[in-house]
Amino acid sequence: MADQRKILIMQAHNLGDAVISTALVETIGRGLPAARIDVVTRPEIQTIFAHNPFVDRVFTGRFPMGSMHDFGPKDALALTRLIAGLRRQRYTDVVNLVGDFREEILGYLLSPEHNWTPQWSQDHPCSHVIRRSVVRLANRPVCIPRDKPNIYDAASILGTAVGGVSAEKSALYTPAKRRIVWAPVKRTVGIHPMASQPWRRWELDRWRHLAQILILRDMDIRIFGAPSELDRLREGFASCEQSRLRIVTGSLSDYFSEVSRVQVLLCHDSFASHVAYALGVPIIFLNGANDADAWAPPGSAIFGAGPSLACYPCYNRPTCIGKSKQFACIGDIEVDQVVEAVWEALKEPSLDRPNFPGWHSTHGTLIH
């Protein structure tokens, strides 16, 4: 149809950001069922979108943003070709959930009728991790106020602005395009102990101690990680009772399926937490340097010692390196407090509500 909306969702950052952005796909897809929705993202992320029934095509490339630092001269040349190809698609709308000037420029270069972007209020926590545009290149900025601090709030507001309907939550699908939902196996606890930055990572010794305590209480443990982390995970959990512990690494589709079967997932401020939220899995969230109000999925049980520190939140720009309290925001969380949260999660599991509504953290302790 000549007047069909052709929408491109741009997700040039990391895996966790991509999972959050599936909320845009869900909301826009349900609000504009006649629209064609495409996604442009990184090659390693395309599975997150390719199985979604609302997505028509997924384009991939390398971008000069995100934390992977994998953008070189050859990638720059490839990006110019990708932009040229996307321009020929004649999109009516380009949407990004970041609000960084680089996303705005890419959107502008595609010449859509509507270039959508979040416009963070001056003191919004998400504004601390982007580079603002000096000149506004997006002609459809959507204001995200300070009293809506969470990235999921932003996804809801932006998705509703584009799609014209109430917001949907993030979602993940099987290769057969069936939505993956929480289907817990009793007495099974998931742990994703790795994180890309040390100021967001609890020590592996503490994760091992935690796993040993849970195994002694007749729990089965699933340890999640990337294929590149397999050897380190095997070494780190070698002293645990192996009959009650399984390390899960593999494809993203396998990862999503296995996470959906745990009763609760313990993880950092990382990709894993956003996968669990999309699947409806209860989350125990160990927070480090970032503002948990901005990045923790709704309903998470949040632990973090950061509120007691003058340098918190540092938004991935730590000033504590080499000091006596280096990474204390995550390092001062105690194992026994996390164990208590696991028992709370297992007490009254429910498939239709979060286990920890309204819980927050202070000094590494849950308060209600």
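The values are calculated or read from the model by the stated rules, or taken from the named source; none is laboratory data. Remember, it's a predicted structure, so these values are computed and weren't measured experimentally. All Cβ positions, glycine included, derive from the backbone under ideal geometry; neighbour counts span all protein chains shown.
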Please verify whether the stretch 22-36 includes one or more residues that are out of contact with any Pro (no Cβ under 9 Å at 6 or more places or on another chain), at pLDDT 95 or above, buried (at least 16 other Cβ atoms within 10 Å of the Cβ) and under 20 Å from S251 (Cα atoms). yes
With the checklist (1) touching a strand residue (DSSP E or B) at 6+ places or on another chain (Cβ under 7 Å); (2) farther than 25 Å from L279 by Cβ; (3) in a helix (DSSP H, G or I) in hand, flag the one item G29 doesn't pass. (2)
Residue ID - nearest to L32 (Cα to Cα), chosen from residues in the stretch 82-104 that are among the basic types (K, R) and modelled with pLDDT of 95 or more: R90
If you scan the stretch 242-260, which residues turn out to be closer than 21 Å to E340 by Cα and not in a helix (DSSP H, G or I)? L245
Residues in the stretch 68-80: is at least one in contact with a helix residue (DSSP H, G or I) (Cβ under 9 Å, 6 or more places away or on another chain) and β-branched (V, I, T)? no
In the stretch 247-261, which residue that is without any contact (Cβ under 8 Å) to a residue 60 or more places away in the chain and touching a helix residue (DSSP H, G or I) at 6+ places or on another chain (Cβ under 9 Å) is surrounded by the most Cβ atoms within 10 Å (Cβ to Cβ)? Y255
Within the stretch 178-229, the residues that are under 22 Å from L15 (Cα atoms), assigned to a loop (DSSP other than H, G, I, E, B) and aliphatic (A, V, I, L, M) are I180, V181, M194, A195, A226
Find all pairs meeting these conditions: Cβ atoms under 7 angstrom apart; at least six residues apart or on different chains; first residue within the stretch 72-101 and loosely packed, with under 12 Cβ neighbours inside 10 Å; second residue at pLDDT 95 or above and not in a helix (DSSP H, G or I). R90/K6
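Matching residues to (1) more than 30 Å from L97 (Cβ to Cβ); (2) modelled with pLDDT of 95 or more:
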position: R200; (1), (2): no, no
position: I221; (1), (2): yes, yes
position: S243; (1), (2): yes, yes
position: R246; (1), (2): yes, yes
position: S257; (1), (2): no, yes
position: V264; (1), (2): no, yes
position: S270; (1), (2): no, no
position: V281; (1), (2): no, yes
position: I284; (1), (2): no, yes
Single residue of the stretch 262-275 satisfying the filter (touching a helix residue (DSSP H, G or I) at 6+ places or on another chain (Cβ under 6 Å) and of a type in the set (A, V, I, L, M)) that is surrounded by the fewest Cβ atoms within 10 Å (Cβ to Cβ): V264
